[in-house]
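**Student:** Below: one structure in structure tokens.
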Amino acid sequence: MQTTTNPRSDRFNAPYLGLAVTVVLALAGLLLLTTSAASGGPDWPFGLYLLVSIGAVLVYIFVTFRDHRTRQVELEQAAASRQQLEQGLVTALEELRAGDLVTCVEKADGLPRGLQDAFVSAADAINTLAQQIQNSSIDVASAANSVNQIASELASGSSEQAASVVEITAAMEELARTAAQIADNASTQADLTAQAEASGSVGSDAVDEAVEGVEEVKKRISGIATRADTLGTRSKEIYRVLDLITDIAQETHILSLNAAIEAAAAGDHGRRFSVVAEEVRRLAQRSQESVDSVRNLLDEFTSSIRATVVATEEGSKEAARVLERARAAAAAIDELKSASSDTARVAKEISLATQQQNAASDQVVLTLKEVSQVVQRMADSLKDFSGTADQLNDLGLAIQLVAQSFHLDSPHSLKRLASSWAQEVRKRFGSWEAIEGMLGEMLQDNGFVELTYVMDAGGGQLAITVNEDVAGTHDVPQPVRSGEGLTERPWFRGVMREGRTIITPVYESLLSGEQCFTVAAPVKGEGDEIIGVLGVDVNVDSWTKI
Amino acid sequence: MPVSPADTAAGQSGGVAPADDRYLLVQAGDEKCALPLDRVRRIVRSLSVTPLPGASAELKGLAEFGGEPLTVLDFSRLLGAAPGASPAYPVTVIAWAGPDESHELVGLQVDAVLEVVSVPADNIAAGGDGIVRGDVSLGGEPVRVISLSVLGSVG
Amino acid sequence: MNGVSGERVLLLRHQGRLWGVLHDAVRTVTRGHDGFRVWLREGDITADHVLGVIEDLRVWPADGVLARFWGEKVGGLAILGTTPVVVVDPSSPPAIFRSVSGPESSAEPASDSDLGPDMGKTP
């Protein structure tokens, strides 16, 4: 209620005017009296004075009574206004006390402008602070969640590291065993190589002897070939001799024939000579036959020699091939010996390297054990850290819940959410199916809600809707479904008592077995009476991850 | 060299057959021929023969024998015998050709001279009037008996 | 010519063989670019070389076996050392003595002074 007049100036003007008139009259009277007295004048001034004074006093009384009445009315009005203002302020402060920063501003509409502005400013400041706290609490929860996740990951990582260290240690120990085995094998290989080298030397010597033998055979074959050539040459000489003898035999033959001819020409005188000639002819014939025989023998001999020469040539070639192969074998044995030497050297190097590797592996195992201890300490620290993160998470949740205790005009405000749902329920109150349908739609838009339900003020009717994504395969417990004992629950009693939206502390959900809390809002009728209670079970884990 | 019955007979009896019955057995081509021994002057080897241009195939050429010119004939071609194996020691039989009163020597180049054989005239199967007088079998082999009378001057 | 007789023979070498011509039958000898030309009483013959004149060379008649197997008319046969020599019949020398060259050789020399430097020497 606002007035346009300034009662304060009016109130101050009437009394002061009266007083002034009174003073003026008094002074005037005094003056007149004095004058009259002095002058021995008529009395009429005194009467005038008296009249005037009485008139002034009446006027003064009238004016003063009027002002007094006006002021009294104003005072009554002011008192009423003050009372109303006080009532409104109290109501608004009540809402503010309850944390309903939306309603308290509405309730402050009846307050004087200045007070309203101041109240609204204060409410806005608190709203802003509460939203900041809410936002910060969300950030804290998110950070706590992140820290928790990081801690979990670190712990998991540490566990994995520890497991990896164990695996690496086992692998290094296996490596060390393998290296030791390799060292043993290398040592054995070195021994075998030494044996092979020795065998190679023996083989090489044997091959050298074989080569010498083959070369000797080759020399002998060459000697045989040379002798065969010599025999061949001698045979040729014999052939020449035979040819010569044959020639001589032929000449002798012809000579004998010529002798026979001369003997025949000599007639009887040549008869004896013809006998001689015949003998000579026979001698020549026998010589020729002998030569032929010798030639046959020589032919056979020459053929044998030729065959021998061929055989020796083939033998020489074969010996050369054998020699070639023997030399190749010797070269291969030398290569083998060289390779064996290299193998032995490499085996020794391997043995040495594996020994060094063993030492390094031992060092690595020791280092890994130290790393394992460090990792274990780190895992332990991370557990503490995780515990601290859990505490932080809980703190964040607590802060969030504290922030949520305010009914803010903010999309993060659960009370605002529940209040808006309650208004929708109110529109459908009486049709429980419609209510369940509406609740189902609301659940789809708010995945952190695991269960919503509406009860009438008497705790009789119940509409219940379950978020299958959060509840999983859990069935709604029968007590919840039947509504048994719900009127005794803190959320129901709190709403019925406070007549406003409340948030319960965190508890374990019967439905999901996880942490949850309930946001309960009153469903008010047209007369602002509570006709029902809307309950919204919020899954802490799902809600903090939003 | 085959052994002729004459060799055996001469060796056994120590006697010598009559000159008219004695022949020089020669190889000419693939045939054995018996040259009358009394017509044979000499057997020589390595006779250097100078061929004559435009001569017939039977005429080998001219040679020197005893300081005198000698006409040398190819006896195998003269006979018309098929060529035999290449002669190991070809020889030239220097004989008197022509009628008995002629002393013209002629050289007959043969593949080989074998031996002196005795062939009784009764054993000779008469041939013709040409250079082959007849045939005889000696040691189971056919032998042509030669007559050198038909050689000589044309007339 | 009957029987063996000692003759004065001009000795020639032609186509690798020794030939002889009775000196009495030789008029002259000239020398050409392809050898010698021996001018006879009737005709002429060519020779690769003229070796000289052999005095008293024994010449045998060649009308026996040789005549039967060689169609060329031969004046006789002789032996020079161990080499046979065919003495040509100047009236009908063998075909190989026919001149290969043409008319240039038909010009007869004027006198005996045209005989070559080897004339009169025994080869």
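Results for (1) touching a Ser or Thr at 6+ places or on another chain (Cβ under 6 Å); (2) under 18 Å from A:Arg220 (Cβ atoms); (3) open to solvent by 60 Å² or more (accessible area, probe 1.4 Å); (4) in a helix (DSSP H, G or I), shown as yes or no for each residue.
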position: A:Thr302; (1), (2), (3), (4): yes, no, no, yes
position: A:Ala307; (1), (2), (3), (4): no, yes, no, yes
position: A:Ala311; (1), (2), (3), (4): no, yes, no, yes
position: A:Ala320; (1), (2), (3), (4): no, yes, no, yes
position: A:Asp334; (1), (2), (3), (4): no, no, yes, yes
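**Student:** In the range A:99-120, how many are of a type outside the set (Val, Ile, Thr), open to solvent by 20 Å² or more (accessible area, probe 1.4 Å) and over 13 Å from A:Asp409 (Cα atoms)?
**Tutor:** Number of matching residues: 10.
**Student:** In the range B:52-74, is there at least one residue being away from chain C (no Cβ under 13 Å) and either modelled with pLDDT of 95 or more or open to solvent by less than 20 Å² (accessible area, probe 1.4 Å) (or both)?
**Tutor:** No, that holds for no residue.
**Student:** Also: Being open to solvent by 20 Å² or more (accessible area, probe 1.4 Å) and touching a residue at least 40 places away in the same chain (Cβ under 8 Å) is the filter here; which residues of the range A:430-460 pass it?
**Tutor:** A:Gly447, A:Phe448, A:Asp456, A:Ala457
**Student:** Cβ contacts < 6 Å: first residue in contact (Cβ under 8 Å) with a residue 12 or more places away in the chain, restricted to the range A:324-338; second residue surrounded by 12 or more Cβ atoms within 10 Å (Cβ to Cβ) and of a type outside the set (Val, Ile, Thr), any location; separation 6+ or different chain. Result?
**Tutor:** From the range A:324-338, the pairs are A:Ala326/A:Ala210; A:Ile333/A:Gly200; A:Ile333/A:Gly203; A:Ile333/A:Ser204; A:Leu336/A:Gly200; A:Lys337/A:Glu197; A:Lys337/A:Gly200.
**Student:** Here's a check for you: in the range C:53-68, which residue that is open to solvent by 20 Å² or more (accessible area, probe 1.4 Å) and modelled with pLDDT of 90 or more is farthest from the other protein chains (Cβ to nearest Cβ)?
**Tutor:** The extreme case among them is C:Glu55.
**Student:** Just to verify a result, which residue in the range B:136-151, among those that are part of a loop (DSSP other than H, G, I, E, B), out of contact with any strand residue (DSSP E or B) (no Cβ under 6 Å at 6 or more places or on another chain) and of a type outside the set (A, V, I, L, M), is nearest to C:Ala62 (Cα to Cα)?
**Tutor:** Looking at the filtered set, the residue picked out is B:Ser149.
**Student:** Among the residues of the range B:113-145, what is the count of those that are among the small types (Gly, Ala, Ser) and open to solvent by less than 30 Å² (accessible area, probe 1.4 Å)?
**Tutor:** 1
**Student:** Of all residues in the range A:360-387, how many are more than 31 Å from the chain's Cα centre (by Cα) and open to solvent by less than 60 Å² (accessible area, probe 1.4 Å)?
**Tutor:** 1
**Student:** Within the range C:15-52, can you find the residues that are open to solvent by less than 50 Å² (accessible area, probe 1.4 Å), farther than 14 Å from C:Ile96 by Cα and touching a helix residue (DSSP H, G or I) at 6+ places or on another chain (Cβ under 6 Å)?
**Tutor:** C:Thr28, C:Thr30, C:Gly32, C:Leu40
**Student:** If A:Leu297 meets every condition in (1) touching a residue at least 24 places away in the same chain (Cβ under 8 Å); (2) open to solvent by 60 Å² or more (accessible area, probe 1.4 Å) apart from one, which number is that one?
**Tutor:** (1)
The values are calculated or read from the model by the stated rules, or taken from the named source; none is laboratory data. Model, not experiment: these values are computed from the prediction. Neighbour counts are summed over all protein chains in view; Cβ atoms, including those assigned to glycine, are modelled from backbone coordinates with ideal geometry. These accessible areas exclude ligands, DNA and RNA; they are computed on the full protein's heavy atoms, side chains included. Shrake-Rupley method; radii C 1.70, N 1.55, O 1.52, S 1.80 Å.
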